[in-house]
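The values are calculated or read from the model by the stated rules, or taken from the named source; none is laboratory data. Keep in mind the model is a prediction, meaning the values are calculated, not measured. Cβ placement follows ideal geometry from the backbone for every residue including glycine, while neighbour counts extend to all protein chains displayed.
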Amino acid sequence: MSETMTGAEMIIRALQDQGVEHIFGYPGGAVLPIYDAIFQQDKVKHILVRHEQGAVHAAEGYARSTGKVGCVLVTSGPGATNAVTGLTDALLDSIPVIVFTGQVPTYLIGSDAFQECDTVGITRHCTKHNYLVKRIEDLPRVLHEAFYVAANGRPGPVVIDVPKDVQFAKGKYSRPTNAEHKTYHPKVDGDLAQIERAVDLMMKAKRPIFYTGGGVINAGPAASAALRELVRMTGFPITSTLMGLGAYPASDPQWLGMLGMHGTYEANMAMHDCDVMINIGARFDDRITGRIDAFSPKSKKIHVDIDPSSINKIVKVDLPIIGDAGRVLSEMVRLWKEKKPKADAEASKAWWGQISAWRARNSLAYKCSETEIKPQYAIERLYALTKGKNAYFTTEVGQHQMWAAQFLHFEEPNRWMTSGGLGTMGYGLPAAVGVQQAHPDALVVCVAGEASVLMNMQEMSTAAQYKLPIKVFILNNEYMGMVRQWQELLHGGRYSNSYSEALPDFVKLAEAYHAKGIRCSDPKELDAKIQEMIDYDGPVIFDCLVTKEENCFPMIPSGKAHNEMILPDFSGDTGEIIDAKGKQLV
Amino acid sequence: MLSPYSDPTFRQTNERRTLAIVVDNEPGVLARIAGMFSGRGYNIESLTVSETEHEKHVSRITVVTRGTAQIIDQIKAQLNRLVPVHRVVDLTLSGANIERELALVKVRQDGPDRSEHRMEALRLATAFGAKPIDATLNSFIFEIAGAADDVDRFIALMANIGLVEVARTGAAAISRGADGL
């Protein structure tokens, strides 16, 4: 059964058939036919952003918080190039997003026409796959294929570039089918023999640890459930990357907190000293491993990943398992139950005893103040007052992001949206717009820094237009805090261009955007004001004035190993910690 | 190792590998493959591409690359995850294979040794199985097809007797025996 319609109508019909309810976008000359098709229907709601980068981040937030594919529509030329940062962000964090870009008509391609750019050329390196659809006959297949590619295997962004004449051309639309993709068949079921070997290794482990990542979140809620079951059954400690927070409940005693550059002492030390490491859906990123040749030197490493190129890319592993995290975890649960291993109580006691000793080091400690708001304290209070309130958090990038990761505690997956791989300042506010659109009744908070938030501040206007009551909680220390911290550590405290000069008045700025502005500089007023923010029915910008030169600790300095962390009670000269070689690293 | 976070703990030797990559012949597929190599800092010693099955829209790309065993594995994994790639076969690893490339070699003879050099060029061409496909009173163009080493040696010899220009195709490769990919 096929219907004849225009290319523009096909795009909207395909969105409907794929169950898409919202698309974030910005119109322009080369997508007018698609906007006309949007106008003539009401199943797919269009959210008008204020900048195309914001559209992609909003779609990422939407995708990350729902598990669905996020959709974006932008015009040719600048519309497409503005989307590039968002695409790269989605690629590095494996977020399923489809970006439709308009293109000049096929007969003008290559002529440097107005608002023409080589979109597929530019986005080839920052998408999982991209398409230029030159013939209307190809459009229905490409539309459905794009959803398959974006969501299956390791998820990622897909661009579909549609010339304007193809949008006007009439052709036969066909509905999505279950036909197999011609070439792309990701392996989702892990090799059983390998899984069995992994379980055997886990059974014999004396000092095991689970190291989980964003792959568990991407594998869906069932994967998190299987992870919880497996971790509880085994009694092993568990840590997670920034991207994996929420897959395992932070309130559980087996949870060691986040690992990596700003992870907890106990998580990093346990990674360093473990004898069996079970990596599920994480990729040995350099923020995690620190110095590679000193990374967990004594352990056997199991690595579960859906992307074969993640295996042995950075760290050589002993037991690779290629497959979907959820399916592999369920198999592990089944095998563990079948084998009913006898717990090695003595080894377990010794290992947990060691972990308790590391925990007692209290690596997230900070000095409280009566007179000024410590950024860590602000996040702690924010967490305390939003707990149990159906809250979702997004972040910008920098110190505030790390403090949020350390002091917000997640019980569920899909509640935490942050730019991990690319580290995109300007991610959080538009992402919050996307999350709030997907969860209209939830409390959506963007934890921001005063510098990051200005990068996509214009999206407050989107929040106002669609009455999205997002709460932008700015830890304002008047510095690009992480840059300042690195300049302190690496460049003799010469704070070159990292001071946030001439900041706007965020309260007035909020009001200019039809939002509520709240400012707080007194720790004694903080709770009441956070409560005021939560209670306000509408978007809020909260300008939280915090200690200016606070460092984010604990920290694995660049070029050092997990067991060489700087802890909060470090009392020496911070400029002496990192040697010349470490200074070259990022 | 690959990361700037470490010093190499051991040296792996670089190996030369020939990969056959079967891809959908869609626009931009070559840019995707070549871009993967350049974007991730891998070597391409040679690359050839042409459609091999017109009806199925399938092309075959032969890449000769060099890297440590770990890097070669990474290259194969990265190629495999490109959406239009059907399969990647490591011909070097999968047993005996034959590699051939074609070169067009232009030589020019001027000056007092001209006729001696012309005779020598023809003699060498015969010895290497190269065909003269164009001749003028003071030049030849030879066509030579063979293993890369033979082509290298032929070109090196021609350098002594008036080499002007070389055009090489890069290697095409196929495994020995009756079985296909």
Report summary line: Scanning the stretch A:408-451 for residues that are surrounded by fewer than 24 Cβ atoms within 10 Å (Cβ to Cβ) and acidic (D, E) gives A:E411, A:E412, A:D441
Requested in this report: Go over the candidates A:Q465, A:Q485 one by one and state the one that is surrounded by fewer than 24 Cβ atoms within 10 Å (Cβ to Cβ) and more than 16 Å from A:K548 (Cβ to Cβ).
Outcome: A:Q465
Query raised in the report: What do you reckon, is A:A90 touching a helix residue (DSSP H, G or I) at 6+ places or on another chain (Cβ under 6 Å), under 15 Å from A:A431 (Cα atoms) and either outside the structural domain of A:E137 (by TED's automatic domain parsing) or among the hydrophobic types (A, V, I, L, M, F, W, C) (or both)?
Result: yes
Report task. Look at the stretch A:366-394 and say how many of its residues are touching a Pro at 6+ places or on another chain (Cβ under 9 Å), within 27 Å of A:E412 (Cβ to Cβ) and outside any strand (DSSP E or B). Result -> 4
Report summary line: Per the filter on the stretch A:288-311, residues farther than 22 Å from A:I355 by Cα and at pLDDT 95 or above are A:H303, A:V304, A:D305, A:I306, A:D307, A:P308, A:S309, A:S310, A:I311
Query raised in the report: Any residue in the stretch B:111-124 that is buried (at least 19 other Cβ atoms within 10 Å of the Cβ) and in a loop (DSSP other than H, G, I, E, B)?
Result: no
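Report whether or not B:R108 is surrounded by 14 or more Cβ atoms within 10 Å (Cβ to Cβ), over 17 Å from B:A173 (Cβ atoms), within 14 Å of another protein chain (Cβ to nearest Cβ) and at pLDDT 95 or above.
Here the answer is no, as B:R108 does not meet what is asked.
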Query raised in the report: Any idea which of A:V44, A:V97, A:V49 is closer than 20 Å to A:M457 by Cβ, modelled with pLDDT of 95 or more and of a type in the set (A, V, I, L, M, F, W, C)?
Result: A:V49
Query raised in the report: Do you know which residues across the stretch B:42-57 are within 14 Å of chain A (Cβ to nearest Cβ) and modelled with pLDDT of 95 or more?
Result: B:Y42
Query - Positions within the stretch A:560-585 being in contact with a Pro (Cβ under 9 Å, 6 or more places away or on another chain) and within 12 Å of chain B (Cβ to nearest Cβ), in sequence order - result: A:A561, A:G582, A:Q584, A:L585
Query - Condition broken by B:T65, with the remaining ones in (1) more than 29 Å from B:I133 (Cα to Cα); (2) not in a strand (DSSP E or B) satisfied - result: (2)
Query raised in the report: Of all the residues that make up the stretch A:313-337, how many are under 26 Å from A:Y265 (Cα atoms) and either in contact (Cβ under 8 Å) with a residue 60 or more places away in the chain or touching a strand residue (DSSP E or B) at 6+ places or on another chain (Cβ under 9 Å) (or both)?
Result: 4
Requested in this report: Answer yes or no: is there a residue in the stretch A:297-309 that is within 14 Å of another protein chain (Cβ to nearest Cβ), β-branched (V, I, T) and either in contact (Cβ under 8 Å) with a residue 12 or more places away in the chain or under 30 Å from A:V444 (Cα atoms) (or both).
Outcome: yes
Requested in this report: Residue by residue through the stretch A:311-347, note down the ones that are acidic (D, E) and surrounded by 19 or more Cβ atoms within 10 Å (Cβ to Cβ).
Outcome: A:D324, A:E331
Report summary line: Checking B:A77, B:A103 in turn, the sole residue that is within 14 Å of the chain's Cα centre (by Cα) and modelled with pLDDT of 95 or more turns out to be B:A103
Query raised in the report: Which of (1) assigned to a helix (DSSP H, G or I); (2) free of Cβ contacts under 8 Å to residues at least 24 places away in the same chain; (3) within 13 Å of another protein chain (Cβ to nearest Cβ) does B:V83 not meet, given it meets every other one?
Result: (1)
Query - Subset of the stretch A:274-293 (residues that are among the hydrophobic types (A, V, I, L, M, F, W, C) and within 14 Å of chain B (Cβ to nearest Cβ)) - result: A:F284, A:I288, A:I292
Report task. Look at the stretch A:520-575 and say how many of its residues are loosely packed, with under 15 Cβ neighbours inside 10 Å, acidic (D, E) and under 23 Å from A:L475 (Cα atoms). Result -> 7
Report summary line: Among A:R13, A:R64, A:R50, the single one that is surrounded by 18 or more Cβ atoms within 10 Å (Cβ to Cβ), part of a loop (DSSP other than H, G, I, E, B) and in contact (Cβ under 8 Å) with a residue 40 or more places away in the chain is A:R50
Query raised in the report: Across the stretch A:240-295, which residue is nearest to A:N563 (Cα to Cα) among those that are surrounded by fewer than 23 Cβ atoms within 10 Å (Cβ to Cβ) and acidic (D, E)?
Result: A:D273
Report task. May I ask you to say which residue of A:Y211, A:Y148, A:Y173 is within 14 Å of another protein chain (Cβ to nearest Cβ) and either in contact (Cβ under 8 Å) with a residue 40 or more places away in the chain or within 27 Å of A:T81 (Cβ to Cβ) (or both)? Result -> A:Y148
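Which residues, counting only those in the stretch A:493-520, are under 30 Å from A:D573 (Cα atoms) and either in contact with a Phe, Trp or Tyr (Cβ under 8 Å, 6 or more places away or on another chain) or in a helix (DSSP H, G or I) (or both)? Spell out how you get there, then give the answer.
Initially, the stretch A:493-520 is screened for residues under 30 Å from A:D573 (Cα atoms), giving A:493-501.
Within the stretch A:493-520, A:Y495, A:S498, A:Y499, A:S500 meet the criteria.
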**Report entry** Residue selected from the stretch B:100-135 under the condition in contact with a strand residue (DSSP E or B) (Cβ under 7 Å, 6 or more places away or on another chain) and among the charged types (D, E, K, R), by the criterion nearest to B:I155 (Cα to Cα)
**Finding:** B:K106
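Of all strands (runs of 3 or more DSSP E) completely enclosed by the stretch B:138-181, which ones contain at least 2 residues that are more than 16 Å from the chain's Cα centre (by Cα)?
On the way: elements: B:139-146, B:163-168, B:172-175.
Where strands (runs of 3 or more DSSP E) fall fully within the stretch B:138-181 and carry at least 2 residues being more than 16 Å from the chain's Cα centre (by Cα), they are B:139-146, B:163-168.
Any residue at all in the stretch B:159-180 that's polar (S, T, N, Q) and touching a residue at least 40 places away in the same chain (Cβ under 8 Å)? Give the steps one after another, and end with the answer.
At the first step, the residues of the stretch B:159-180 found to be polar (S, T, N, Q) are B:160, B:169, B:175.
Next, only the ones that are touching a residue at least 40 places away in the same chain (Cβ under 8 Å) stay: B:169, B:175.
Yes, the conditions are met somewhere in the stretch B:159-180.
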